[in-house]
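Step one of this worksheet: look at the structure below.
The values are calculated or read from the model by the stated rules, or taken from the named source; none is laboratory data. The structure displayed is predicted, hence computed values, not measured ones. Cβ sites come from the backbone with ideal geometry, for glycine too, and all protein chains shown count toward neighbours.
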Amino acid sequence: MTLPSPTPPSTLAQLQAGALHGTTRLDLRHAGLRTLPPEVLALADTLEVLDVSGNALSDLPEWLARCTRLHTLFASQNAFTVLPPVLGRLPALDTLGFKANQIAELPAASLAPSLRWLILTDNRIARLPATLTDCTRLQKLMLAGNRLTALPAGLDRLQRLELLRLSANRFAQAADALRDDLLALPRLAWLAHAGNPFSAAREQAAQASSPASAIPWTQLQLQGLLGEGASGHIHAAVWQAPGQAEQAVAVKLFKGSVTSDGLPVSEQAACLAAGRHPHIVGVLGALADHPQGVAGLVLPRLGPAWAPLAGPPSMASCSRDVYASGLRLPAAQARAIAQAAAAALAHLHSRGLSHGDLYAHNLLVDPQGGALLSDFGAAAFLPATDAARTQALQAIDQRALQVLVDELAAHCDEPTALVPLRPAV
């Protein structure tokens with residue numbers, strides 16, 4: 001994740017000219033950096049947010065620890081192979097993002113105990129240090145796309161953890177990733193664990209047995225961009241199958257081989273296994289034969305009245321969606337949305353799936369009270385032969401549903417109208 005550019009943009013030239021004295025936010029994305037400019041040190045007493053994503057950095061200087069007010073640092077898409085130990089000495093560090101580097105080593109000293117949000121997606125990490133469990137403020141921990149085979153002891157210390165991504169690692173058994181102490185964390189509500197060896201057979205079987213056919217790229221005509229999520233871009237399109245009338249559809253093209261939630265192939269498998277339901281967007285088929293090999297899904301295209309119930313979490317809200325200012329929902333509409341979400345989740349559980357990302361921003365709603373659950377990027381197959389783990393994973397999804405119902409109540413004209421719909425977890 002990166003931050004919006006400040007206004008006016010903070011540029012390397014401005015920094016080197018000494019024109020940014022007293023600034024709190026510094027944006028040096030895609031600036032061709034191989035080392036952190038020494039002029040950053042002149043901002044040590046004021047700098048709070050630093051984004052150096054998209055450069056060629058492989059280390060950070062020891063003097064960075066003098067930036068005692070720095071609470072947010074993004075360094076995604078660089079050349080780090082080791083998470084710099086100096087990070088552990090930043091006393092105010094809250095949010096840290098090192099996505100899509102080449103990190104294979106996490107020194108014990110590199111993790112600041114103050115961390116609340118840690119993003120290490122798409123690296124080469126095989127082992128997590130024991131000091132991870134010293135980060136007792138952690139709410140979001142994103143580890144998809146690494147080489148983990150085990151988790152450190154002491155996970156029960158992470159009592160505030162709400163979102164965890166373990167997808168696309170190398171956990172051989174469900175018990176390695178879905179440990180009892182992890183599943184018992186009281187606030188964990190959004191968990192992704194697909195794309196590991198223990199679930200590969202189920203995912204492959206879902207792809208092979210789905211009645212939804214592969215849809216060739218040549219049968220699709222892309223139109224305008226409808227939206228963008230963490231894992232892909234969604235385009236309006238027309239589907240012309242041989243001998244069939246044209247059909248308005250939406251095409252989701254995945255951004256890369258690993259997303260913040262996991263693997264595109266895992267999302268495809270979950271979508272296909274979910275089947276049809278009145279409160280799920282559903283899938284018409286998986287994209288085939290894209291000329292650049294891009295993975296994708298072909299989805300029904302909804303009318304312009306449909307829109308996400310809320311925006312995704314912000315840097316400030318961390319694990320909570322951002323609703324439109326002043327949003328008020330009639331009691332009937334709020335109840336209908338909550339009931340639709342509960343029905344969709346029950347359907348997924350009956351199909352042997354967890355959703356892993358039941359959020360308002362993944363609910364599409366219309367003014368009439370309709371609601372459709374979308375985005376299966378964090379969905380995963382439940383362990384079919386392990387009743388206890390299956391029940392625990394379903395309870396985690398139910399906790400996400402409870403958060404949603406509570407948020408609906410907070411934006412409802414009659415908050416008590418949602419009380420009977422709160423799930424028990």
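Please give the number of the condition Thr7 fails out of (1) among the β-branched types (Val, Ile, Thr); (2) at pLDDT 95 or above; (3) in a loop (DSSP other than H, G, I, E, B).
(2)
Every residue in region 228-256 that is farther than 13 Å from Leu284 by Cβ and exposed (fewer than 13 other Cβ atoms within 10 Å of the Cβ), please.
Glu228, Pro242, Gly243, Ala245, Glu246
Of the conditions (1) assigned to a helix (DSSP H, G or I); (2) in contact with a helix residue (DSSP H, G or I) (Cβ under 9 Å, 6 or more places away or on another chain), Glu267 clears all except one; give me its number.
(2)
Six or more apart or on different chains, Cβ under 8 Å: which pairs go from a residue in region 331-351 that's surrounded by fewer than 18 Cβ atoms within 10 Å (Cβ to Cβ) to one that's aromatic (Phe, Trp, Tyr)? Could you list them?
Listed by first residue and then by second, the contacts come to nothing, as the list is empty.
Given (1) surrounded by fewer than 18 Cβ atoms within 10 Å (Cβ to Cβ); (2) touching a residue at least 40 places away in the same chain (Cβ under 8 Å); (3) more than 23 Å from His193 (Cα to Cα), where does Leu364 come up short, assuming only one miss?
(1)
Under 22 Å from Leu36 (Cβ atoms), among the polar types (S, T, N, Q), buried (at least 16 other Cβ atoms within 10 Å of the Cβ) and not assigned by TED's automatic domain parsing to the domain that holds Ala400: which single residue out of Asn101, Asn146, Asn169 fits that description?
Among Asn101, Asn146, Asn169, only Asn101 is under 22 Å from Leu36 (Cβ atoms), among the polar types (S, T, N, Q), buried (at least 16 other Cβ atoms within 10 Å of the Cβ) and not assigned by TED's automatic domain parsing to the domain that holds Ala400.
Cβ-Cβ below 9 Å, separation at least six or inter-chain, first residue in region 409-424 and assigned by TED's automatic domain parsing to the domain that holds Ala392 and among the polar types (S, T, N, Q), second surrounded by 14 or more Cβ atoms within 10 Å (Cβ to Cβ) and in a helix (DSSP H, G or I): which pairs?
Thr416/Ala331; Thr416/Ala409
Taking Leu225 as meeting all but one of (1) surrounded by fewer than 18 Cβ atoms within 10 Å (Cβ to Cβ); (2) touching a residue at least 12 places away in the same chain (Cβ under 8 Å); (3) within 20 Å of Val294 (Cα to Cα), write down the number of the exception.
(2) is the only condition that Leu225 fails.
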